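The values are calculated or read from the model by the stated rules, or taken from the named source; none is laboratory data. A quick note: this is a predicted structure, and the numbers were derived from the prediction, not measured. Every residue, glycine among them, receives a Cβ derived from its backbone with ideal geometry; neighbour counts consider all protein chains shown. Please note that ligands, DNA and RNA were not included when accessible areas were found on the heavy atoms of the full protein model with its side chains. Shrake-Rupley method; radii C 1.70, N 1.55, O 1.52, S 1.80 Å.
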Amino acid sequence: MSAADGTGTWTARRTWAQGIAARRRLVLAAALLVVSFAGLWVLYEAQPLPMSDIAVYRAEGDAAATGGDLYGFAVTKWHLSATYPPFAALLFIPTSWIPLATLKVVCVLVNAALLALLIHLSAKAAGLRRATGAAPALLTATALGLWLEPVFQTFVFGQVNLALACLVLWDLSRPDGARFKGFATGLAAGVKLTPAIFAVYLLITGRVKAAATALAGFAFSVLTGLLFLPHASVEFWTRRMFETGRVGTVWIVDNQSLQGMIARVLHNPRPGLVWAVAALLTAVAGLWAARRVYLRRGLDTWGVLAAAVTALLVSPISWSHHWVWCVPLLAVLASHTHGIPWRRALLAAVTVVFTARTLWIVPHTGDLDLHFSWWQQPLTSPYPLLGLALLATLVWWTRRSPGHPAPPGRIPPPRTGTAPLDTHTRTG
């Protein structure tokens, strides 16, 4: 066939039309992104975002640079203080060079880029190969992802959650045997202690070298802090890390951990032994589920998600913005729909949970958090309830090994036939 019979002309027209359509999709996606962040700016103009945590980070960086009392200051009208290890304060030193107003703008721009990166890493880990390389899809997902409550709250407070999630997901998504796999995860634990659970996950799934590398990364962060901030390091590791009260009030709706939920259910600000037992059982069950989904199904991404959810549940305090792991969770759920109606419905339902903001709708001023009625309780604890449901589903789904499990150590493509499914003090 040749251009003489019209085939070449038809092919050229089709290619031209496809190019026009691709450019149109890109323009529309970029426009949606601009509109989405314009909406954030309008909200800021109507009611300025506190971005209180970035003020704390700046104060931490200033204390580290000038030799100030790292754990003695209190900033913002909420009198917030430092709660992270000294290594984090060293990383925050550059923030002290920038005026706070400018720093807030920089923080929004950096978090926007990190959100796009987290979506890209999530799509790649989930096996959504078309989405990983398609600019229109990435821009659209970033525009919509901004309005997921945990992501939005990260912008509101100027938090580092997106950065830590990107660091851990990038590190753990690499093939087993990759050079220094685990080290970045250890560094993340040196900034905020909860990522340390991923080292445990690597260990119980038989990847001893990666677990040891994660421990080395964490040790590097501790020793670096001890070298440059010796007094603050001794103070943090011997005293401050045990002071949960410095982070915030455990029973307020902001706290979407198991302890926060139990405190509200029992109408008891200090659930004590009840929470300790529940947290221990959840930690064991969550890590067990993570191990089984990796060893029996070969699905590392589900194992990482199970470990992340377990950490969020058992941590004494998990503010709602800590649940940015909803981004990879939604990506993995999306990879398992494959046109199956009930799975699409499940994806939609989980998306609604992370966008509905039911925890803020229920009146919670003063001490009302401790006086919710039975029907209000699910509305005030949507994330721990969803996390427990996820872990239970993974345990049920992996009760038997499939006939031909995928080899461990890789993130295989999704299976088509089987799928599991502030009026209160706060910082951190």
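Between A101 and D367, the modelled label-to-label distance comes to 4.1 nm, taking each label 7 Å out from Cα in the direction of the beta carbon. For the stretch 41-148, trypsin sites (Lys or Arg not before Pro) meeting the loop criterion (DSSP other than H, G, I, E, B) and having at most 16 other Cβ atoms within 10 Å: K77.
With helices as the sole contributors, the chain gives -20000 deg cm²/dmol at 222 nm; each DSSP H run of n ≥ 4 counts as -39500 (n - 2.57), and the sum is divided by every residue. Solvent exposure of the stretch 46-119 amounts to 43 Å² per residue of accessible area, where only protein heavy atoms count and the probe is 1.4 Å.
Cross-link reach is defined here as a Cα-Cα straight distance under 20 Å, omitting same-chain residues fewer than 8 places apart; for K77 the lysines meeting it are K104.
Over the stretch 317-381, accessible surface divided per residue gives 43 Å², non-protein components excluded, 1.4 Å probe. Can you bin the stretch 243-365 into rounded, prolate or oblate? Criterion: square roots of the alpha carbon gyration tensor eigenvalues sorted a ≥ b ≥ c, rounded for a/c under 1.5, prolate for a/b above b/c, oblate for the rest. It comes out oblate by the Cα gyration axes. Using a/c under 1.5 as the rounded threshold, could you call the stretch 106-244 rounded, prolate or oblate? The axes a ≥ b ≥ c are square roots of the C-alpha gyration tensor eigenvalues, and prolate needs a/b larger than b/c, oblate otherwise. Here the stretch 106-244 falls in the oblate category.
Normalised radius of gyration (Cα atoms, divided by 2.2 N^0.38 Å) for the chain: 1.04. Bridgeable aspartates and glutamates around K181 (alpha carbons under 18 Å apart, same-chain partners fewer than 8 residues away excluded): D171, D300. Given 10 °C and 1.306 mPa s, how large is the Stokes-Einstein diffusion coefficient of the stretch 192-248 in µm²/s, with Rh as the Kirkwood radius over Cα pairs? Result for D is 125 µm²/s.
Farthest towards the positive end of the charge dipole of the chain, among the residues S401, G387, L138, is the Cα of S401, using unit charges on the Cβ of Lys, Arg, Asp and Glu. Here, P(r) means the percent of Cα pairs in each 5 Å bin from 0 to the largest distance; for the stretch 325-401 it is 3, 13, 19, 21, 17, 11, 8, 5, 2, 0. Relative contact order of the stretch 46-205: 23 percent, from C-alpha pairs under 8 Å at least 6 residues apart in sequence.
Across all Cα pairs in the stretch 37-193, the calculated P(r) in 10 Å bins from zero up to the longest distance comes to 10, 34, 33, 19, 4, 0 percent per bin.
Of the solvent-accessible surface of the chain, computed with a 1.4 Å probe and all protein chains present, 70% belongs to carbon and sulfur.
Based on a Kirkwood Rh over C-alpha pairs, give the Stokes-Einstein translational diffusion coefficient of the stretch 22-68 at 37 °C and viscosity 0.692 mPa s in µm²/s. Show your work: numbers first, answer last.
Details: Rh = 13.6 Å.
Result for D is 242 µm²/s.
With an a/c value of 1.5 or above and a/b not larger than b/c for the gyration tensor axes a ≥ b ≥ c computed over the alpha-carbon atoms, the stretch 165-273 is described as oblate.
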